[in-house]
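S.K.: Questions regarding the structure given below will be posed in turn.
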Amino acid sequence: MSDLRISAAFDSGNIDVIDASSPDGVHLRIRKDAGDEHLQWFHFQVAGARGRPLTLHIDNAGECSYPKGWEGYRACASVDRRHWRRVPTTYEDGVLTIHHVPEADLCWFAYFAPFSLEQNLDLLASCQASPLASIERLGDTADGRPLDKVVFGEGALQVWVIARQHPGESMASWWMEGFLGRMLDPDDALARVLRDAATFHVVPHMNPDGSFRGHLRCNATGANLNREWHEPTVERSPEVLHVRNAMDDTGVDLCLDVHGDEALPYNFIAGSEAIPGWTQRLARLLDAFKAEYAKATPDFQTTYGYPVAPAGKANMTMCTNQVAQRFDCLAMTLEMPFKDNADLPDPIYGWSPERCGHLGRAVLGPMAAVLSELR
């Protein structure tokens, strides 16, 4: 009999144990989000496997929301919950199989390096410690958790940056940590220029309920927040309602919504080209922003991305489209990979928290490049 113990009873945990009687043939299943539509995020702890070869089968991987995301994917593993490395992973006949020999008594596995709610509170506290920033409570989530906004800058332009609408896309929080760290650095000249030109409204975590519950895409009510922007309600999507109301109060000149993509191994921007109010001015701004981001870091590229919808056929329930149309502004979605950046692969860490942070810091250049043309 195996003495393995597997648990997901913690912040952002998700796994059900089917059979753990043998370390070389553990069988697991990912739990669905509230609403019973989406599943893909996993995060669990294995105890008692130090020095023992593990073979972990996730039997329902083929039923997940984005099975194409498993192709070429490698799971993340850690023994200290700070450093996450990629481990051998295969996908065949609908089953994702992870192979690893833990070097400690406790080992954690995850779809991507987690960023817990405690870490988000630490991030808010570090922002609050800066004399340059303040924290505003926008409202409460469906589960009653606070939804907070970081505010800084003194300029007339209004810039909104949000992350983690989809709770399983934890790379967005690592990006946000890098972005906020640089923006609130009093010695960074570019950050100072941006703060002088604009007021920044930053929501580091749009979906704390879904994150804590171990969801991939939905909040506590089963709502996919990035499909709620046309008609959000306090009952189903209070998180979007609070943020959209606050945007109505301030206006928006630039909006960046930070996400992760399961299948594409690249960093890229999706714009709002298909909205009814798309103009040449918005097209120039979008092209300039993407070009400057590519100049700022080789981890960003403009070759690969999502296909553009036909003119006038934008999905107006999505943040980027709704905000661009509502405020006649440059609104964009930044996507990062769960896998790796295929242009600059890292065989040990893949796309990592550290690289997310660097990408967040690099966005200041493209923001500065378009700021004077926003209005």
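S.K.: Which option, (1) 5, 25, 33, 24, 10, 3, 0; (2) 4, 17, 20, 22, 23, 12, 2, 0; (3) 4, 19, 26, 24, 16, 8, 2, 0, is the value of P(r) over Cα pairs in 10 Å bins from 0, in percent that was calculated from these coordinates?
M.R.: Here P(r) over Cα pairs in 10 Å bins from 0, in percent agrees with entry (1).
S.K.: Multiply the residue gap between A9 and I348 by 0.36 nm, knock off their C-alpha separation, and tell me the result in nm, one decimal place.
M.R.: Result: 119.3 nm gained on full extension.
S.K.: A further question follows. Any idea how far apart A104 and T233 come out in nm if each label point goes 7 Å out from Cα toward Cβ?
M.R.: Using points 7 Å along Cα→Cβ, the separation is 4.6 nm.
S.K.: Still on this model: With n ≥ 4 as the cut-off for DSSP H runs, can you work out [θ] at 222 nm for the chain, using -39500 (n - 2.57) per run divided by the number of residues, rounded to the nearest 500?
M.R.: -8000 deg cm²/dmol
S.K.: Let me ask you something else. From the phi angles alone, apply the Karplus equation (6.51, -1.76, 1.60; θ = phi - 60°) to the range 19-30 and give each ³J(HN,Hα) in whole Hz, x where the residue is Gly or Pro.
M.R.: Residue by residue, the range 19-30 yields 7, 10, 6, 9, x, 8, x, 7, 10, 9, 9, 7 Hz.
S.K.: Net charge within 9 Å of H201 by Cβ-Cβ distance, Lys/Arg positive one each and Asp/Glu negative one each, not counting H201 itself?
M.R.: Here the count lands on 0.
S.K.: At 1.4 Å probe size, with the rest of the protein present, what percent of the exposed accessible area of the range 243-349 is carbon and sulfur atoms?
M.R.: Carbon and sulfur together cover 54 percent of it.
S.K.: Report the residues of the range 202-236 in range of a label on E136: point 7 Å along Cα→C-beta, backbone N strictly under 13 Å from it.
M.R.: What the label zone holds, given the 13 Å backbone N cut-off, is 202-203.
S.K.: Here's something else I'd like to know. Among H259, H201, H27, determine the one that fluctuates most according to a GNM of the chain built with springs between C-alpha atoms less than 10 Å apart.
M.R.: H27
S.K.: Then there is this: Let me check something: with ligands and nucleic acids excluded, how do R182, R284, R195, R361 order by accessible area (1.4 Å probe), largest to smallest?
M.R.: Order by accessible area, largest first: R284, R361, R182, R195.
S.K.: Largest first, what is the accessible-area ranking of I135, I30 with a 1.4 Å probe?
M.R.: Of I135, I30, the descending order of accessible area is I135, I30.
S.K.: Now for a separate question. Under the Karplus relation 6.51 cos²θ - 1.76 cosθ + 1.60, θ = phi - 60°, what is the ordered set of whole-Hz ³J(HN,Hα) values for the range 90-98, x standing for Gly and Pro?
M.R.: So the J values, rounded to whole Hz, are 10, 10, 8, 6, x, 10, 9, 10, 10.
S.K.: Oh, and also: To the nearest 10 square angstrom, what accessible area does V17 show with a 1.4 Å probe?
M.R.: Rounded to the nearest 10, the figure is 70 Å².
S.K.: Treating the beta-carbon of each Lys and Arg as +1 and of each Asp and Glu as -1, no other charges, what is the dipole magnitude of the range 16-56 about its Cα centre, to the nearest 20 debye?
M.R.: With only Lys, Arg, Asp and Glu charged at Cβ, the dipole is about 240 debye.
S.K.: While we're on this one: What Kirkwood hydrodynamic radius, in Å, does the range 1-112 give when the mean of 1/r is taken over all pairs of distinct Cα atoms and then inverted?
M.R.: It works out to 14.0 Å.
S.K.: How big is D for the range 277-375, in µm² s⁻¹ as a whole number, if Stokes-Einstein is applied with the Kirkwood radius of its Cα pairs at 20 °C and 1.002 mPa s? Intermediate results must be reported in sequence, preceding the final value.
M.R.: Values: Rh = 15.0 Å.
It diffuses with D of about 143 µm²/s by this estimate.
S.K.: What distance in nm separates the two pseudo spin-label positions at E118 and D36, each 7 Å out from Cα along the beta-carbon direction?
M.R.: 3.4
The values are calculated or read from the model by the stated rules, or taken from the named source; none is laboratory data. This structure is a prediction, so every number in the text was calculated from the model and none was measured. Methodologically, a virtual Cβ is constructed for each residue, glycine included, from the backbone with ideal geometry; neighbour enumeration extends over all protein chains shown. Note: areas computed on protein heavy atoms with side chains; ligands, DNA, RNA excluded. Shrake-Rupley method; radii C 1.70, N 1.55, O 1.52, S 1.80 Å.
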